[in-house]
Amino acid sequence: MNPAFSVCVYCGSRPGAKPEYAQVATAVGHWIGSHGGQLVYGGGKGGLMGIVAQATLQAGGRVVGVIPQALVEMEAANHDCTELHIVASMHERKHMMAERADVFLALPGGIGTFEELFEVWTWRQLGYHDKPIGVLNVANYYDPLLAFLKATVEQQFLGDWQMELIQTGSEVLPLLAELVQAAGLTPLARLDAI
């Protein structure tokens with residue numbers, strides 16, 4: 001059965017300092033799986049990456065992992081994925097993830113998460129895609145970054161229209177529903193997974 005939608009999640013390969021990060025990764029995966037969706041992510045087994053993948057699978061969703069060969073050992077590739085693609089480079093990884101996604105969602109993470117978020121945001125402003133992008137601001141994690149971005153608008157390096165290309169929220173359900181609906185798709189209610 002084809003998934004109703006596909007969410008590309010960018011997040012940390014570490015669990016982070018606060019328990020809320022793991023809780024929200026679990027909630028995101030559960031929402032995707034229980035609404036007939038598919039997770040596309042970086043293919044790792046550790047940290048928030050592994051948590052969101054496991055929660056998606058447990059809720060009955062499909063999981064597509066994409067990981068470069070050089071990171072298979074470092075990030076401990078998740079062989080429990082519905083599909084695991086081992087690719088040659090980070091460029092190929094990000095390209096495949098973007099192609100397989102209907103929407104993008106950033107959870108807390110480090111430099112890789114930031115780089116992936118900013119790349120798909122840049123691609124959207126250039127018109128390379130028109131897929132919704134969300135930032136899940138768990139436990140105010142992204143407050144400093146969002147404040148900095150607001151400052152770049154004030155300094156006229158970013159426009160308000162560019163900031164409007166990303167949707168931010170602190171609650172899983174409304175943000176994911178909003179992103180999927182903005183992509184013109186309908187989340188299914190899978191009663192067996194709720």
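Derivation of every value follows stated rules applied to the coordinates shown; laboratory data play no part. If you're wondering where the values come from, they're calculated on a predicted model, not measured in any experiment. Cβ coordinates were reconstructed from backbone atoms using ideal geometry, including for glycine residues, and neighbour counts include every protein chain displayed.
The distance between label points at E20 and Q181 comes to 2.5 nm (points 7 Å beyond Cα on the Cα→Cβ vector).
Per residue of the chain, the DSSP helices (runs of n ≥ 4 H) give a summed -39500 (n - 2.57) that works out to -13000 deg cm²/dmol at 222 nm. Here the extension length gained between H129 and D80 equals 14.7 nm, from 0.36 nm per residue of separation less the Cα-Cα distance.
Percent of Cα-Cα pairs more than 14 Å apart in the stretch 123-184, please. Present the calculation step by step, with values, prior to reporting the outcome.
Values: 1167 of 1891 pairs.
Here the long-distance tail beyond 14 Å is 62 percent of all Cα pairs in the stretch 123-184.
Helix 111-125 against the longest principal axis of the chain: what's the angle in degrees, Cα atoms only, rounded to the nearest 10? Around 70 degrees separate the two axes.
Sparsely packed loop sites in the stretch 106-174 (the chymotrypsin sites (Phe, Trp or Tyr not before Pro) outside DSSP H, G, I, E and B with at most 14 other Cβ atoms within 10 Å) comprise Y128, F157. Only lysines eight or more places from K131 in sequence, or on another chain, were considered; those with a Cα closer than 18 Å are K94.
Take the Kirkwood radius over Cα pairs of the chain, plug it into Stokes-Einstein at 4 °C and 1.567 mPa s, and you get 78 µm²/s for translational diffusion. Between the beta carbons of Q156 and E115, assuming R0 = 22 Å, the FRET efficiency works out to 0.35 to the nearest 0.05. Using alpha carbons only, how many angstrom separate the centre of the stretch 135-194 from the centre of the stretch 54-70? A separation of 22 Å, based on Cα centres.
With the simple model of a label 7 Å out from the Cα in the direction of the Cβ, A70 to A147 spans 3.5 nm. Near A106, the amide H atoms lying under 5 Å from its own belong to Y10, G134, V135, L136; only residues 5 or more places off or on other chains count, and H is placed 1.01 Å from N.
Looking at the stretch 43-194 only, what percent of DSSP beta bridges run antiparallel? Nearest 5 please.
Rounded to the nearest five, the antiparallel share is 10 percent.
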